[in-house]
Amino acid sequence: MIEDLDVKVEGGAYGLKVTQQGIFKESLGKIRCAVCPECGYTETYIQDTSKIKELVSNR
């Protein structure tokens with residue numbers, strides 16, 4: 001797998017991010033992806049999971 005690739009919206013250079021539901025919520029992380037050069041299988045992930053872990057521990 002080739003990792004740490006960007007995911008961008010076609011036609012823009014914005015990328016994707018994960019947030020809590022609602023308006024004006026803080027970003028929990030930028031979406032990254034990994035691609036298999038043999039078959040093209042692609043998976044997405046967040047590199048820095050500290051904000052996700054904090055969200056879970058506060059529930």
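Of the residues contained in the range 17-25, one or more are found to be in contact (Cβ under 8 Å) with a residue 24 or more places away in the chain and among the hydrophobic types (A, V, I, L, M, F, W, C).
Counted as qualifying within the chain are no strands (runs of 3 or more DSSP E), as none has 3 or more residues that are out of contact with any strand residue (DSSP E or B) (no Cβ under 6 Å at 6 or more places or on another chain). Within the range 9-59, the set of residues being of a type in the set (A, V, I, L, M) and surrounded by 10 or more Cβ atoms within 10 Å (Cβ to Cβ) comprises LEU16, VAL18, LEU28, ILE31, ALA34, VAL35, ILE46, ILE52, LEU55.
We did not get these values from a lab; they are worked out from the coordinates using the rules stated. Keep in mind it's a predicted model, so treat the numbers as computed, not measured. Reconstructed Cβ throughout: ideal geometry from the backbone, glycine too, with neighbour counts over all protein chains shown.
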